[in-house]
Amino acid sequence: MAVSQTTIMTTQRVSSGTWSTGVCDCCSDMSTCCCALWCFPCMQCQTVSQFGWCFCMPLLDSFCMVVSCCLRQKMREQYSIHGSCCDDFCTLCFCYPCAWCQMSREIKIRARSGTVVTQQITHS
């Protein structure tokens, strides 16, 4: 039984290590901020969908921020952004809508730049 591995890699054109925009950097993408202002749940569902998660995940995030913290952590891991779970929790706790806007902007910026994370597919 042979095992083959396929690795897909592309060049990352966005600087890793930090978020592309700040938490309160609304002017860099007014469409995201306007969407969040007028229909915040819609913006959340669109953001997780663009990240590859089920679009209804934010609807489970009503009282505790488990989904938001998990998404932010996964984004940091995927895009090699420095930070910690404590940073994520504090950012979401004190600036929940702005943190979501930042995550949405990050996904848009990474998509425009053609950033793809290394993916390994194993066939047995």
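The values are calculated or read from the model by the stated rules, or taken from the named source; none is laboratory data. Note that the structure is a prediction, hence the values are computed from the model and not measured. Please note: Cβ atoms are built from the backbone with ideal geometry, for glycine as well, and neighbour counts cover all protein chains shown.
Quick check on this structure: which one of Val48, Val23 is in contact with a Phe, Trp or Tyr (Cβ under 7 Å, 6 or more places away or on another chain) and β-branched (Val, Ile, Thr)?
Details: Val23 fails: in contact with a Phe, Trp or Tyr (Cβ under 7 Å, 6 or more places away or on another chain).
Of Val48, Val23, the one residue that is in contact with a Phe, Trp or Tyr (Cβ under 7 Å, 6 or more places away or on another chain) and β-branched (Val, Ile, Thr) is Val48.
Restricting to region 35-50, count the residues that are within 10 Å of Cys101 (Cβ to Cβ) and among the hydrophobic types (A, V, I, L, M, F, W, C).
Total satisfying the criteria: 5.
From the set of residues in region 57-79 that are of a type in the set (Ser, Thr, Tyr) and closer than 16 Å to Pro97 by Cα, which is modelled with the lowest pLDDT? Spell out how you get there, then give the answer.
Restricting attention to region 57-79, the residues satisfying the condition of being of a type in the set (Ser, Thr, Tyr) are 62, 68, 79.
Imposing the further condition that a residue be closer than 16 Å to Pro97 by Cα reduces the set to 62, 68.
Working: Ser62: 71, Ser68: 94.
Result: Ser62.
On the basis of being in contact with a Ser or Thr (Cβ under 9 Å, 6 or more places away or on another chain) and modelled with pLDDT of 90 or more, does Gln5 make the cut?
Values: in contact with a Ser or Thr (Cβ under 9 Å, 6 or more places away or on another chain): yes; modelled with pLDDT of 90 or more: no.
In short, no.
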